Amino acid sequence: MINVIGLGYIGLPTALMMASHGVEVVGTDYNQQLVATLNAGKTTFKENGLDELFQSALRAGIRFTNQYQVTDTYIVSVPTPYDKFSKKIDACYVSSAVRDVLKVCPKGATLVIESTVSPGTMDKAVRPIIEEAGLKIGEDIHLVHAPERIIPGNMVFELLHNNRTIGADDPAIGEKVKQAYASFCQGKIVVTDIQTAEMTKVVENTFRAVNIAFANELAKICRHDGMDVYKIIEICNLHPRVNILQPGPGVGGHCISVDPWFLVGDYPALTKVIWESMKVNDSMPEFVLERIYEIMKEKGITDLSRVGLYGLTYKENVDDVRESPTLQLLECQEKHLAEPLKVYDPLIKKEIVKHQYQNLDAFLQDVDLVVIMVGHDEIKSNMDKLKGKIVLDTRKVCDLPGTYTI
Ligand code: SAJ
């Protein structure tokens, strides 16, 4: 039996996937309300195919509880935030989950950490907890790091098809854990050592952050001289060895905007490109704000409360607002002590910010300048409703004539 600890964005789909592929799974989370929701037959966030997967896992007998189980394999999938000042990883949730596992696990159990961690965290934060508990790593407990790689918005598909990395001290244990993931994963599963696995995960997300920063910097250069950045990227990407990502209003979510800081925090003298890239991405909400002021001036709009941000999540077709560019933009606007902007996102029903609307028509009635912040399918299919409005499109999803871009 596998006990999956942490039933959030990664832990839940992983637990469901294993359960619906014949593995006996118990999911554990310290959040009682979350466990109660799952036990009431409801999922806790929206994701393509998640509800169907949930039903199939329930049929296969998955259970959810607040209790850690006595079993031979644990998969820990809890958040790993970073300290905003030191830029270093904050492994407190991982450490506390490990401590709780050690209270119940039998000798010889395997402890798999799925949470993204910076290189060296397993050595610095996890091994000492086990040793302090008087246990011998490799005998009393086996350590594995199996970082997740799935993309929100397409998690279920990617869980099935992505390649994976498994880092283990002992290759035989790595192979055993590989078999558990191979119950559902059709991709290639590479078994390696723990530090290599830690590093590859952070490097993948850093590569994407740097590439997005490059696209964002190109957008600024092109804006300076009235060039079309989208056309330029499109043509460049026709070259067989060029693949530039898209500029946007900023980088959000809990991965691309967080993981590269782990490297900066640990190697400050060696991470100039990464540091500058993160700064460029972080500067984009302010860049969009300046663009809003420019367009207001050009169009004679004097009242900021006639400006609406269309989209609040960190990217398209997810209901996750963590580190979202819209929230970052509102934060830098507050610093300017300006009047609040209006906000609407068809995927967010909960009130998260001031001046947030729950209805598109009401939102459009109250604004003259609409700033598209996210390219949800629902926003794209309602583009006609923006006719007659001034539109600033930060995601290049609107083809109405006269639309401004970043
Ligand atoms: N973004 C751009 N331009 C682009 C692509 C993305 O501005 O061309 C923005 C998005 O709008 C969003 C942010 O970047 O605000 C991050 O979105 P994302 O789709 O690039 O990535 P995440 O954070 O949803 O998921 C990433 C994935 N990593 C990689 O693709 C290397 C995913 O596979 C990881 O599992 C996930 O991080 C994670 O959990 O680490």
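Each reported figure results from applying straightforward, stated rules to the coordinates on display, with no laboratory input. Remember, it's a predicted structure, so these values are computed and weren't measured experimentally. All Cβ positions, even for glycine, are placed from backbone atoms using ideal geometry, and neighbour counts span all protein chains on display.
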Please get the size of the charge dipole for the chain, origin at its Cα centre, with Cβ charges of +1 on Lys and Arg and -1 on Asp and Glu, quoted in debye to the nearest 20. 200 debye
Contact order relative to length of the stretch 36-137, as percent, for alpha carbon pairs under 8 angstrom and 6 or more apart: 25 percent
Residues listed by number, the stretch 119-137, amide nitrogen under 18 Å from D193 label point at 7 Å toward C-beta: 119-128, 137
In the stretch 158-201, which residues have a backbone nitrogen under 18 Å from the label point lying 7 Å from L270's Cα in the Cα-to-Cβ direction? 193-201
Share of Cα-Cα pairs in the stretch 276-406 lying beyond 27 Å, as whole percent: 10 percent
What are the lysines whose alpha-carbon lies under 24 Å from the alpha-carbon of K124, with same-chain residues fewer than 8 places away excluded? K84, K87, K88, K103, K107, K136, K201
Which whole-Hz couplings ³J(HN,Hα) result when phi for each residue of the stretch 165-180 is put into the Karplus expression 6.51 cos²θ - 1.76 cosθ + 1.60, θ = phi - 60°, listed in order with x for Gly and Pro? 10, 10, x, 9, 5, 10, x, 5, 5, x, 5, 5, 5, 4, 4, 5
How many angstrom separate the Cα center of the stretch 258-273 from the Cα center of the stretch 275-339? 26 Å
Fewest-first ordering of E139, E217 by Cβ atoms within 10 Å yields E139, E217
Based on Cβ point charges of +1 for Lys and Arg and -1 for Asp and Glu, what charge dipole magnitude is obtained for the stretch 204-405 about its Cα centre, in debye rounded to the nearest 20? 240 debye
Relative packing of peptides 5-13, 300-308 - highest average C-beta neighbours within 10 Å first: 5-13, 300-308
Pull out the extension gain between K349 and K136, defined as 0.36 nm times the separation in residues minus the alpha carbon to alpha carbon distance; nm, one decimal. 71.8 nm
Relative contact order of the stretch 204-405, pairs being alpha-carbon contacts under 8 Å that are 6 or more residues apart, as %: 19 percent
For the residues D319, D29, what sequence is obtained by ranking on other C-beta atoms within 10 Å, fewest first? D319, D29
Give me the lysines in straight-line cross-link reach of K231: C-alpha distance below 27 Å, same-chain residues under 8 apart excluded. K220, K279, K297, K299, K315, K380, K385, K387, K389, K396
What ranking do D90, D51 get, fewest neighbouring Cβ atoms within 10 angstrom at the top? D51, D90
Measuring from centroid to centroid over Cα atoms, what is the spacing of the stretch 348-366 and the stretch 72-94 in Å? 34 Å
Give me the extension gain from R306 to E334: residue separation times 0.36 nm, minus the current Cα-Cα distance, reported in nm with one decimal. 8.5 nm
Whole-number Å³ per residue for the convex hull built on Cα positions in the stretch 46-177: 139 Å³
Please tell me the relative contact order of the stretch 1-64 in percent, rounded to the nearest whole number, where contacts are Cα pairs under 8 Å and at least six residues apart. 39 percent
Is it possible to state the helix-based mean residue ellipticity at 222 nm for the chain, with each DSSP H run of 4+ residues giving -39500 (n - 2.57), the sum divided by total residues, to the nearest 500 deg cm²/dmol? What is it? -12500 deg cm²/dmol
Starting from the Cα of K380, step 7 Å along the direction of its Cβ; do the same at I232; then give the gap between the two resulting points in nm. 2.5 nm
Taking the Cα atoms of the chain, report the difference between the largest and smallest coordinate on each principal axis, in whole Å and largest first. 72, 49, 42
Gained length - V70 relative to D83, 0.36 nm times residue gap less alpha-carbon distance: 1.4 nm
For the chain, with the dipole built from +1 on Lys and Arg beta-carbon atoms and -1 on Asp and Glu ones, taken about the Cα centre, which of N162, G22, Y310 lies farthest toward the positive end? Y310
